[in-house]
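Notes follow once the structure below has been shown.
The values are calculated or read from the model by the stated rules, or taken from the named source; none is laboratory data. Only a predicted model underlies this, so the values are computations on that prediction, with no experimental measurement involved. In this analysis, Cβ positions are derived from the backbone assuming ideal geometry, glycine residues included, and neighbour counts consider all displayed protein chains.
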Amino acid sequence: MNQQNFYTGISDIPDKNVLIFGCGNILFSDDGFGPHVAEELLKNYHLPGNVGVINAGTSVRNILFDIALSEKKPEKIIIIDAIDAGKTPGEIFELPIDEIPEKKIDDFSMHQLPTSNLLKELKDFCKVDVIIIACQVENIPTEVSTTISKKLIDAIPEVCKRINEIIKNG
């Protein structure tokens, strides 16, 4: 694991210009896509020291709130999450903050309204570049399942490649 990029607390955040958040609940199949991407980045990619990767799970709101209140903010935040946007399962797309589906407001991920409002404030008032990379889910079960679908597993390398391009291109 690339320890220099692993989040151990809010004290790590001021040292990072770019923060990558893997969001989602690993107990609900494809919803765990974001944490799987974060783990892949941490285990198999060498990222610059100014880039932090955070497996935020279902707690991204708390971290974003800390960032919003902190004196120094990152230049860029990249959110990785699975979403049901009616696209082809495994399809990767960038999602503007204003287009986060309303039907996702009541779940336990970054789609909750206070979180999307925090992202808007970080973007509009704090001048943080916010990028949301989403992957279309194939399956979100009603019961606990830690198995992510093959289509989303196959999408992980492509998302990691996109993230590397974003980091390299500033």
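Some points to look at:
- Verdict on Val130 being free of Cβ contacts under 8 Å to residues at least 60 places away in the same chain and not hydroxyl-bearing (Ser, Thr, Tyr): yes
- Filtering the range 146-159 to residues that are buried (at least 17 other Cβ atoms within 10 Å of the Cβ) and either touching a helix residue (DSSP H, G or I) at 6+ places or on another chain (Cβ under 7 Å) or of a type outside the set (A, V, I, L, M, F, W, C) (or both) leaves Ile148, Ser149, Lys151, Leu152, Ile156, Val159.
For (1) more than 11 Å from Phe21 (Cα to Cα); (2) assigned to a loop (DSSP other than H, G, I, E, B); (3) modelled with pLDDT under 95, each residue gets a yes or a no:
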site	(1), (2), (3)
Gly49	yes, yes, yes
Ile63	no, no, yes
Lys72	yes, yes, yes
Pro89	yes, yes, no
Thr115	yes, no, yes
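- Matching entry among Ser29, Ser59 (being within 16 Å of Ser149 (Cα to Cα) and of a type in the set (Gly, Ala, Ser)): Ser29
- Within the range 22-51, being more than 11 Å from the chain's Cα centre (by Cα), among the aliphatic types (A, V, I, L, M) and within 14 Å of Ala155 (Cα to Cα) holds for one residue alone: Leu41.
- Of all residues in the range 126-145, those that are assigned to a strand (DSSP E or B) and buried (at least 18 other Cβ atoms within 10 Å of the Cβ) total 7.
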